[in-house]
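Encoded as structure tokens, here's the structure I'll be asking about.
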Amino acid sequence: MKLRTKFSLIVGILVVLLLVVTAVILFVFEKRGLTEDVRAGQTVLAKNLSRVSRDCFLRKDNMFLINYLKTIKRNDDTIVYAFFTDGNNRVFAHTNPSFLGEMLKDAFGEKALRTQKLIYEKRTGSDGEKVLDYAVPVVLTGSVRGIARIGFSEDIVNKNISASMNKIGRRILIAAVVSFLVALAAIFLVSNSIVKPIRLLMCGAELIGKGKLDTKINLKSGDEFAALAEKFNDMSEKLKELDEMKRDFTSSVTHELRSPLGAIETYINKMLDGGIDGFKETGFSDLFIMKNNAARLSRFIDDLLDTAKIESGRMDVDAKFFKLLPVVNDVVELFVPAAKEKNVVIAVKIPKTLPDVYADKERIRQVFINLISNALKFTPSEGRVEISATYLLSGGDFVEISVKDTGMGIPPEGLKYIFDKFRQVKGEGKSVKGTGLGLFIVKSIIDLSGGSIEVKSAVGGGTQFSLTLPIKKR
Ligand SMILES: Nc1ncnc2c1ncn2[C@@H]1O[C@H](COP(=O)(O)OP(=O)(O)O)[C@@H](O)[C@H]1O
Ligand SMILES: [Mg+2]
């Protein structure tokens with residue numbers, strides 16, 4: 001069942017139940033109130049009758065009383081009879097003139113005489129008519145002077161009440177129907193406000209499923225749906241980044257595989273074409289080029305393997321105390337030919353007194369290879385690369401190392417992701433040589449060694465990587 005149908009059905013049933021219960025309660029209370037009102041009106045009539053009867057009886061004016069009785073009977077169709085008997089049960093006045101002067105005595109009248117206060121009783125007459133009979137004794141200076149009696153037809157009273165209740169019932173029904181219609185409209189609006197964002201999210205998910213990763217959902221309702229939409233947008237943003245990363249990865253992998261392989265192939269072909277004589281001429285230098293390209297390939301594979309190890313948490317560091325200076329000098333040695341070719345100076349400023357660092361020597365060597373090769377790669381000729389290290393007592397249990405160049409620098413947005421794998425800063429006129437794995441591996445090694453790494457850079461103003469490495473066992 002669809003969400004909208006389910007929601008509408010549940011709320012609709014609840015609303016109908018609520019309306020029915022309310023209507024029944026209203027109806028019952030109305031009926032009770034109406035019955036009580038009728039009783040109260042009857043009591044007032046009976047009391048008035050007793051007062052008027054007393055006055056007339058004292059004045060011995062039964063004509064006035066007879067007229068009064070006629071008037072009230074005419075005005076109220078529920079009155080069956082009304083009369084007044086004196087202390088001897090003789091009829092003083094009656095709505096039926098034929099009873100005048102007769103003796104009227106019954107048990108109910110006797111009871112009223114005894115109790116000396118208003119009493120009433122339901123009874124069924126000989127003709128089957130149900131009558132509610134009121135008797136009000138007229139008491140003067142402590143003795144009963146007569147009884148005022150008035151009888152109301154229960155059938156007519158009930159008929160009147162039913163007629164009124166019919167009217168009230170109709171009104172309640174109209175109110176219930178109107179309320180139900182309003183509730184229906186509200187259900188429609190509310191279910192819409194729930195279903196609409198869900199549909200939007202569904203459409204968004206479908207689009208993303210189809211590969212439209214820049215799908216964004218615009219929901220500003222300020223509720224949980226808006227929060228969900230925001231999370232959804234974050235997710236699509238992440239997916240897009242992952243997709244870009246995948247593309248970067250594929251392009252750098254193909255580039256890094258194809259170019260050294262291509263070079264090797266070209267030189268092999270050249271050698272084969274040139275024969276023994278040709279090989280004697282340039283073969284040796286060609287072999288060096290081939291060796292370098294093979295080394296580049298194997299470095300790339302190593303980087304990929306290292307990345308896989310880091311990602312699965314299997315990269316372990318075999319930490320020992322060692323001197324930093326020889327390691328750095330060793331690495332710099334590797335880059336001297338390339339630096340000379342570019343006319344870039346590589347300077348090492350590490351004091352011999354620097355405390356031994358506690359880390360994995362091979363891995364730290366790898367860190368310097370990556371940082372110095374980057375510095376050289378991104379520094380144009382006549383530039384300078386400087387590797388320095390200091391130990392400050394105030395710095396605690398770490399030495400601080402800096403690898404600084406005077407190269408092209410990194411734009412601010414690039415600084416956010418250069419340590420991510422497969423990420424390279426793409427700028428105009430810059431070829432995408434490399435894999436974007438170097439700094440990812442560097443940071444992972446430094447983190448695993450218990451040190452830290454930061455980068456400061458300004459476009460055109462050079463780049464400085466600042467590292468710390470521990471000098472104590474952890
Ligand atoms: N010294 C530097 N000067 C300028 N840019 C740098 C420097 N070092 C790193 N970068 C930027 O960071 C990116 C990532 O570096 P790295 O992870 O070593 O990848 P790769 O060297 O394979 O491109 C580089 O592509 C480059 O854009
Ligand atoms: Mg690099």
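No lab work stands behind these numbers, since they all come straight from the coordinates. Given the structure is predicted, the values throughout are model-derived calculations rather than measurements. When we count neighbours, we look across all protein chains shown, and the Cβ atoms used for this are built from the backbone with ideal geometry, even at glycine.
Round to the nearest 0.05 the FRET efficiency obtained for K323 and A205 when R0 = 35 Å and r is the Cβ-Cβ distance.
It comes to 0.05.
Given Cα pairs under 8 Å that are at least 6 residues apart, what percent is the relative contact order of the chain?
Relative contact order for the chain comes out at 10 percent.
Once the other residues with Cβ under 13 Å from the Cβ of E362 are scored (Lys, Arg +1; Asp, Glu -1), what is the net sum?
-2
One quarter of the convex hull surface, Cα atoms only: what value does that give for the range 1-77 in nm²?
The Cα convex hull of the range 1-77, projected and averaged over all directions, gives 6.9 nm².
If I model a spin label at N67 and K130 as a point 7 Å from the Cα along the Cα→Cβ vector, what separation in nanometres do I get?
Between N67 and K130, the label points sit 3.7 nm apart.
Going by a ≥ b ≥ c, the root eigenvalues of the Cα gyration tensor, does the range 320-470 fall in the rounded group (a/c under 1.5), the prolate group (a/b larger than b/c) or the oblate group?
prolate
I would also like to ask the following. Which net charge results for the neighbourhood of K159, defined as the other residues with beta-carbon distances under 15 angstrom from its beta-carbon, given Lys and Arg at +1 and Asp and Glu at -1?
Net of charged neighbours comes to -2.
Based on the alpha-carbon gyration tensor of the range 98-249 and its eigenvalue square roots a ≥ b ≥ c, which shape applies: rounded if a/c is under 1.5, prolate if not and a/b is larger than b/c, or oblate?
Prolate, since a/c reaches 1.5 and a/b exceeds b/c.
Report the label-to-label distance for N75 and V190 in nanometres (one decimal), using points 7 Å from each Cα along the Cα→Cβ vector.
5.2 nm
Over the range 213-311, how many percent of alpha carbon pairs lie in each 10 Å bin up to the one with the longest distance?
Bin by bin from 0 Å, the calculated values are 14, 24, 19, 16, 12, 8, 5, 2, 0.
Let me see the P(r) profile for the chain: every Cα-Cα distance counted, bins of 10 Å, each bin given as a percent of all pairs.
Result returned by the calculation: 3, 12, 14, 10, 8, 6, 5, 5, 5, 5, 6, 8, 7, 4, 2, 1, 0.
Please sort 106-116, 308-318 by packing, taking for each peptide the average over its residues of neighbouring beta carbons within 10 angstrom, highest first.
Per-residue mean Cβ counts within 10 Å order the peptides as 106-116, 308-318.
Put +1 on the Cβ of each Lys and Arg and -1 on the Cβ of each Asp and Glu in the range 320-470; which of T435, L334, A375 then has its Cα farthest toward the positive end of the dipole?
It is T435.
Related question: Please quote Rg/Rh for the range 50-182 to two decimal places, taking the Kirkwood radius as Rh and restricting both calculations to Cα atoms.
1.17
Right, something else. Give, in nm to one decimal, the length gained when the segment between A347 and F7 is fully stretched (0.36 nm per residue of separation minus the Cα-Cα distance).
That pair, A347 and F7, stretches by 115.0 nm at full extension.
Let me ask something else about it. Just add up the charged neighbours of L189: K/R +1, D/E -1, any other residue whose Cβ is under 14 Å from the Cβ of L189.
+2
Take the Cβ-Cβ distance between R365 and M245 as r, set R0 to 30 Å, and report the resulting FRET efficiency rounded to the nearest 0.05.
0.60
Could I ask something else about it? Give me the lysines in straight-line cross-link reach of K70: C-alpha distance below 20 Å, same-chain residues under 8 apart excluded.
Cross-link targets: K47, K60.
How large is the translational diffusion coefficient of the range 252-366 in µm² per second when you combine the Kirkwood radius over alpha carbon pairs with Stokes-Einstein at 25 °C and 0.890 mPa s?
In µm²/s, the coefficient rounds to 140.
Positive end of the dipole of the range 320-470, charges at C-beta (+1 Lys, Arg; -1 Asp, Glu), about the Cα centre: which of L448, G460, V425 has its Cα farthest in that direction?
V425
I need the calculated FRET efficiency for the pair F108 and V28, taking r as the beta carbon distance and R₀ as 51 Å, to the nearest 0.05.
0.95
Let me ask something additional. Given a cut-off of under 8 Å on Cα pairs at least six residues apart, what relative contact order in percent is computed for the range 213-311?
23 percent
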